[in-house]
1. Per residue, how much accessible area does segment 112-153 show when a 1.4 Å probe rolls over the protein heavy atoms, in square angstrom?
2. Rank by packing, highest mean first: peptides 158-165, 249-256, with packing defined as the count of other Cβ atoms within 10 Å averaged across residues.
3. Please identify the helices of the chain, taking whole runs of DSSP H, that span at least 18 Å along their own axis as judged from the Cα atoms and have a mean Kyte-Doolittle score of 1.0 or higher.
4. Which cross-chain or sequence-distant (5 or more) residues have an amide H under 5 Å from the amide H of W224, H modelled 1.01 Å from N in plane?
5. In Å², what does the accessible area per residue of segment 253-361 work out to with a 1.4 Å probe?
6. Over segment 156-202, give the accessible area per residue in Å² for a 1.4 Å probe, as an integer.
7. For the pair L345/S122, report the inter-label distance in nm, with labels modelled 7 Å from Cα in the Cβ direction.
8. Taking Cα pairs under 8 Å and at least six residues apart, what relative contact order does the chain come out at, in percent?
Amino acid sequence: MNDHACTRPSRRSALRQAATGVAALAAPALLHYARAQSKRIVIRDDGGVYNKAYNAVFYKPFTEKTGIECMGAQANAEPIAQIRSMVDTRNYTWDMAKISQPAILLLTQGDKRYLDKHQLESDPAVQTIPAHFMSPYGVGTNVYSTVLAYRTDAFKGRNAPKTWADFWNLKDFPGRRALRKHPFDTLEESLMAAGVPTAQLYPLDIDRSLAHLDKIKSDIGVWWNSGAQVEQMLKSGEVDLVATWVSRPQAAIAAGAPVAIVWNQNLWGLDSWAILAGTPNAQACREFIRFASDARRMAALTEHFPAGVTQPEAFKHIPADVARNCPSHAENIGNGVQISAKYWLDHQATAAERFNAWILR
C-alpha cells in the first residue's frame, strides 16, 4: 500500500477533484431542467453537518442550475406529526423531507397518504439507485448505521472488542459501558450478543433480548438519550465502550479523540427524499431529487462527512480511505444487517412498553 504513496493523489486533492467534478456534470441532457425563477422549495433535513453539506452540494448548486430557490429547514426528530399537520391543513412549511423508512411507512399506511409517489423509478438519474434503497414514496439518499465504538486508549496492550458478544463480555473486555435508552437497536444488539445470526434477527425475540440485557444491566454506566451526549462521552473518556450512531464516533475521531469503530454486526437504515402529498411544488421537488441523485454529486458530500451514499457509482469518485468509513460501503453493508422498518412499524408500541418496564425494574 505504501508503495503507491508517492503517486496516489492526497485525500484532500481527491476530494477537491470530486467536488470540482460536480460542476462539470453532463446532467442537463438527462434532467431537462426548466428555468422557474418564481418557484421555491423547502426541504426538511437533519440540521448540523447534513444541513451544511447539503447547502454546499445540493441546495445552492440546484438553485444556480435551475433558478428554483431551494432552502433546507432543520428538524432533529422524525417529523411525522408535522408532515401530517401540513398535509391536513394544506399549509406547507416544507415541500419535501429527508426521512427514514419507518417514517415513510407510517405516513403511507391507511386510507390517507401523506406523501406523493415520486414516480422516478425509470428516470435515468434515479434508476441506478439499487432497489433496496427505493420505495414508491421515497428515493434513498443516505444510509446510516449503529455501531460499537470504543476508546483505543482503554484497550491499549490488550484485545479490543470486535462483536456485540464482546460488549457483553465483562470479564475479558472490562470498561465503562453505555447503551441507548431506547428499544430501537438496543434489542437487536442484545440478541446478536446472545448468538442470534443476523439473518434470523427479525422478528425480534423480546423475551430473550431482555433476558440477555439482564446480564449487563447493572454494569451499564450510562443510558444515553442523544447523539451529542455520546460524542461528548467519547471525547472526554467518560465511557470506554458504547453502542451508537456511527456519526458520533466519527465526529469524536475528527476532533482528535482516540476512538475506533467496529463495523462488524452494524445495524443500518435508510433515509429517503419524500414529497409531501398535495404540495403545489411537487414537480420542482422531483427535479431536485434527480439533481441530488447524481453519483458525482453524492460523492462530493464526503468532503464534509463520510456520507452513506446510495449510488454505487459514487464510490468511483471517493478516495478509498474515505469510502471505507461510509456506512454504505460494500464491506460495511455486508458486515451488517438492515433494520426492519416493517417490524418496528408493527411492534414499536409493544417493544417500547416492554423495554421501558424493564428499565424501571
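The values are calculated or read from the model by the stated rules, or taken from the named source; none is laboratory data. Here the structure is a predicted model, which means the values were calculated and not measured. We place every Cβ from the backbone using ideal geometry, glycine too, and count neighbours over all the protein chains shown. Accessible surface areas use protein heavy atoms only, side chains included; no ligands, DNA or RNA. Shrake-Rupley method; radii C 1.70, N 1.55, O 1.52, S 1.80 Å.
1. With all protein chains present, segment 112-153 gives 40 Å² per residue.
2. Values: 158-165: 15.4, 249-256: 17.1.
Listed from highest to lowest mean packing, they are 249-256, 158-165.
3. none
4. Correct list: L179, R180, K181.
5. On a per-residue basis, segment 253-361 sits at 37 Å².
6. Spelled out: the 1.4 Å probe surface of segment 156-202, per residue, equals 45 Å².
7. In this crude spin-label approximation the distance works out to 2.5 nm.
8. RCO, the chain: 26 percent.
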